[in-house]
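Q: Take this structure first; my questions come after.
The values are calculated or read from the model by the stated rules, or taken from the named source; none is laboratory data. All values derive from a computational prediction rather than experimental measurement. We place every Cβ from the backbone using ideal geometry, glycine too, and count neighbours over all the protein chains shown. Please note that ligands, DNA and RNA were not included when accessible areas were found on the heavy atoms of the full protein model with its side chains. Shrake-Rupley method; radii C 1.70, N 1.55, O 1.52, S 1.80 Å.
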Amino acid sequence: MKEKNYTPLVAVLTVVLVGIIAVLFFLPAYDGEIGFDVKLLPLLNAIFNSFTFLALVVALVAIKKKNIRMHRAFIGMAFTTTTLFLVSYVTYHYLTESTPYGGEGLLRGLYFFVLLTHIVLAVVVVPLALLSAIRGLANQVEKHRRISRWTMPVWLYVSFTGVVVYLMISPYY
């Protein structure tokens, strides 16, 4: 039986997701009444990133112990918290302008290095995670393993540095 090729679907989803986020940076901030303090959303984003990181670590340990059921459950949790992060992130950037970093010297350089690598790898992890999940769910074990060897460290880095970026910029909100 021929395996389905989900690569075109993953490509479209990646372009749509990344495109929406990119467009947000060029739109002016929402000008109406909001009704709550939007500065809570970056904290929520950091919490979601923390949960994603922890879920990925548990999923990695589970698969190393050949516990596929637990691995799938925690990968599902990582996708859920990443999706919640994405909704919160898009909402925040729709409602307000980005916060400029106010640090100086070495910390400023470190912040922008971490932020730049975080952003670039966040774009990269979208198709990697989608392909990894599809191949795992389709029981394409070898293909899943090959791509997941790249996906897991990139996704761990992105979720961890999301928290680091928040901690570094939070004094300037």
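Q: Which members of region 35-49 meet the condition of being surrounded by 10 or more Cβ atoms within 10 Å (Cβ to Cβ) and over 20 Å from V158 (Cα atoms)?
A: V38, K39, L40
Q: For a quick check of your reading of the model, give me the residue pairs whose first member lies in region 21-33 and is within 13 Å of T91 (Cα to Cα), whose second is part of a loop (DSSP other than H, G, I, E, B) and among the basic types (K, R), with beta-carbon atoms closer than 8 Å and at least 6 apart or on different chains.
A: Close Cβ pairs satisfying both conditions: none exist.
Q: In addition: With respect to L56, determine if the residue is assigned to a helix (DSSP H, G or I), buried (at least 16 other Cβ atoms within 10 Å of the Cβ), of a type outside the set (S, T, N, Q) and in contact with a Phe, Trp or Tyr (Cβ under 7 Å, 6 or more places away or on another chain).
A: Considered against the rule, which asks whether it is assigned to a helix (DSSP H, G or I), buried (at least 16 other Cβ atoms within 10 Å of the Cβ), of a type outside the set (S, T, N, Q) and in contact with a Phe, Trp or Tyr (Cβ under 7 Å, 6 or more places away or on another chain), L56 comes out as yes.
Q: So, in region 99-127, of the ones that are in contact (Cβ under 8 Å) with a residue 40 or more places away in the chain and over 17 Å from V164 (Cβ atoms), which residue ends up most open to solvent (accessible area, probe 1.4 Å)?
A: Only one residue fits best here, namely P100.
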